[in-house]
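A.B. asks: Provided herewith is a single structure, encoded as structure tokens, for subsequent inquiry.
The values are calculated or read from the model by the stated rules, or taken from the named source; none is laboratory data. Computed from a predicted model, the values in this text were never measured in an experiment. Cβ coordinates were reconstructed from backbone atoms using ideal geometry, including for glycine residues, and neighbour counts include every protein chain displayed.
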Amino acid sequence: MRRVIVTLLICVFALGMNAQDMTSVFTAMPDQYIPQLSQDMTSVFTAMPDQYIPQLEHAWRKDLVDLYTSGKESRLKNTMNGFSTLQKLTNDYLLLQTTERSTVEMKLLPLVNNTYVVCMISTVNGPVPDSRIEFFTTNWEPLATSDLFTRPTSDWYIKQDEAYQEAASHLDMDLIQYRLSPDDQTLTAIYTTPQYLSQEAREKIEPYLSEPKVYTWQKYHFQ
């Protein structure tokens, strides 16, 4: 069985299959051949390569989990001479304060036959929150973000009318904060560029701003 699983995964990534292709492959497989390893957040978090959270090596991530599950303060000194805190951990969700100005959120999102993808959001407050979203298999093989998620642009958030051009002239970059829900399979995209503006400029743009965009996970992608 192990040889079958390994062969399948090699074929999937060698052929560059996207998330929809992967869903089709796994749907056709009998349940007994579907890999069940690293299908909970604790396993995924402790097994992740150090490169994705360089502030915390493998042993430290495991220690944070042990502290959290034992009910103690899950806070450790990291490699940047600051502290990292595991703020929330469930079977499918994690929130980690990596540094004073940065966080990592992770969510296990279902495909088919008990398989999952990992959605990871890294946010830096510098000083305005701005996020990067990435997707992986539970074995930490990268997946193409464009196959699973369409990034919003500033145009989505701004209501256009005759006064729009003057107000929008202050928006010269797209800063967006992503937030995963620990309770369901939604992703909220918050347009944070206005927070970067002066109070005067922010007051001019606020009447034209829409509410945050909420995505819902549908089978193999956010929409």
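A.B. asks: Just need a number here: residues in the range 174-193 that are touching a strand residue (DSSP E or B) at 6+ places or on another chain (Cβ under 7 Å) and closer than 11 Å to Y157 by Cα. Please lay out each step first, then the result.
C.D. replies: Residues of the range 174-193 that are touching a strand residue (DSSP E or B) at 6+ places or on another chain (Cβ under 7 Å), as a first pass: 175-180, 182, 185-192.
Right, trim to closer than 11 Å to Y157 by Cα and you get 176, 189-192.
The qualifying residues number 5.
A.B. asks: Test V104 against the criterion of being closer than 27 Å to F222 by Cβ, at pLDDT 95 or above and outside any strand (DSSP E or B), and give yes or no.
C.D. replies: No: the conditions fail for V104.
A.B. asks: Quick one: which residue in Q55, Q51, Q39 is without any contact (Cβ under 8 Å) to a residue 24 or more places away in the chain and not aromatic (F, W, Y)?
C.D. replies: Testing whether each residue is without any contact (Cβ under 8 Å) to a residue 24 or more places away in the chain and not aromatic (F, W, Y) leaves just Q51.
A.B. asks: Cβ-Cβ below 7 Å, separation at least six or inter-chain, first residue in the range 114-131 and hydroxyl-bearing (S, T, Y), second surrounded by 19 or more Cβ atoms within 10 Å (Cβ to Cβ) and assigned to a loop (DSSP other than H, G, I, E, B): which pairs?
C.D. replies: Y116/T138
A.B. asks: Condition check: at pLDDT 85 or above, touching a strand residue (DSSP E or B) at 6+ places or on another chain (Cβ under 9 Å) and under 17 Å from I121 (Cα atoms). Does P212 satisfy that?
C.D. replies: Details: at pLDDT 85 or above: yes; touching a strand residue (DSSP E or B) at 6+ places or on another chain (Cβ under 9 Å): yes; under 17 Å from I121 (Cα atoms): yes.
It is true that P212 is at pLDDT 85 or above, touching a strand residue (DSSP E or B) at 6+ places or on another chain (Cβ under 9 Å) and under 17 Å from I121 (Cα atoms).
A.B. asks: Let me ask you something else. Could you list, ordered by first residue, the pairs with Cβ atoms under 9 Å in which the first is in the range 62-81 and hydrophobic (A, V, I, L, M, F, W, C) and the second is part of a loop (DSSP other than H, G, I, E, B), at least 6 apart or interchain?
C.D. replies: L64/L56; L64/S74; V65/S74; L67/E73; L67/S74; L76/L56; M80/P54; M80/Q55
A.B. asks: Also: Hey, could you check the range 93-133 for residues that are among the charged types (D, E, K, R) and within 12 Å of the chain's Cα centre (by Cα) and say which is surrounded by the fewest Cβ atoms within 10 Å (Cβ to Cβ)?
C.D. replies: R132
A.B. asks: Take the residues of the range 81-101 that are under 21 Å from A189 (Cα atoms) and not in a strand (DSSP E or B): which is modelled with the lowest pLDDT?
C.D. replies: Going through the qualifying residues, I end up with R101.
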